[in-house]
Amino acid sequence: MEQKYRLGDVEEILSELDLDDVPDDIMESEDDYQIVISGWWVHIPELGLHLHEGFFCNYDETERAYLPDFSVTVLKEEGQEDWIYYEQDGFLVTLANWLHGKIEIDRLEQMPCYICKPKV
């Protein structure tokens with residue numbers, strides 16, 4: 001964890017970064033769907049959470065492959081492999097919905113966070 005960002009700015013910053021060198025992970029897989037998430041994550045120390053971008057993919061019989069259907073944001077607790085929540089929205093809205101209003105979105109936007117990549 002090097003550069004500190006504001007959570008409200010990090011999605012825009014991520015859109016400008018080249019993170020193609022970080023392989024994606026399969027979070028969940030069944031016969032008819034698969035959820036693929038970024039191998040990188042955004043760490044929010046104050047909440048002990050990691051945010052991943054991802055895609056919900058449906059299996060296409062014609063293509064014989066999993067094809068992306070919609071994007072998702074996935075929440076994981078720091079140090080845990082299993083996901084705790086995901087939804088079809090951006091970082092802030094997904095986090096605010098998971099917190100059920102316990103923290104105002106204005107405060108969430110100001111929280112410090114870090115873009116993290118796995119150590120190779």
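Here is how the numbers come out for the structure above:
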read-out: Test: residue in the range 74-81 that is within 22 Å of residue 2 (Cα to Cα), surrounded by fewer than 18 Cβ atoms within 10 Å (Cβ to Cβ) and basic (Lys, Arg); value: no
read-out: Residue pairs meeting the criteria (Cβ under 7 Å; at least 6 apart or on separate chains; first free of Cβ contacts under 8 Å to residues at least 24 places away in the same chain, in the range 5-16; second surrounded by 16 or more Cβ atoms within 10 Å (Cβ to Cβ) and part of a helix (DSSP H, G or I)); value: none
read-out: The range 1-49 - residue that is under 13 Å from residue 111 (Cα atoms) and out of contact with any helix residue (DSSP H, G or I) (no Cβ under 9 Å at 6 or more places or on another chain) and, of those, surrounded by the most Cβ atoms within 10 Å (Cβ to Cβ); value: 43
read-out: Any hit, the range 49-58, residues being more than 11 Å from the chain's Cα centre (by Cα), in a loop (DSSP other than H, G, I, E, B) and at pLDDT 95 or above; value: no
read-out: Scan of the range 62-120 for residues that are in a strand (DSSP E or B), over 14 Å from the mean Cα position of the chain (by Cα) and of a type in the set (Ser, Thr, Tyr), ordered by number; value: 66
read-out: The range 95-116 residues that are free of Cβ contacts under 8 Å to residues at least 40 places away in the same chain, paired with ones that are not in a helix (DSSP H, G or I) (beta carbon under 8 Å, 6 or more apart); value: 96/103; 97/87; 97/89; 98/75; 98/84; 98/85; 98/87
read-out: Enumeration of residues in the range 15-29 that are closer than 21 Å to residue 84 by Cα and β-branched (Val, Ile, Thr); value: 26
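Conditions tested, residue by residue: (1) part of a loop (DSSP other than H, G, I, E, B); (2) among the aliphatic types (A, V, I, L, M); (3) farther than 16 Å from residue 76 by Cα.
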{"residue": "5", "(1), (2), (3)": "no, no, yes"}
{"residue": "10", "(1), (2), (3)": "no, yes, yes"}
{"residue": "21", "(1), (2), (3)": "yes, no, yes"}
{"residue": "36", "(1), (2), (3)": "no, yes, no"}
{"residue": "43", "(1), (2), (3)": "no, no, no"}
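The values are calculated or read from the model by the stated rules, or taken from the named source; none is laboratory data. Just so we're clear, the structure is a prediction, and the values are computed from it rather than from any experiment. In this analysis, Cβ positions are derived from the backbone assuming ideal geometry, glycine residues included, and neighbour counts consider all displayed protein chains.
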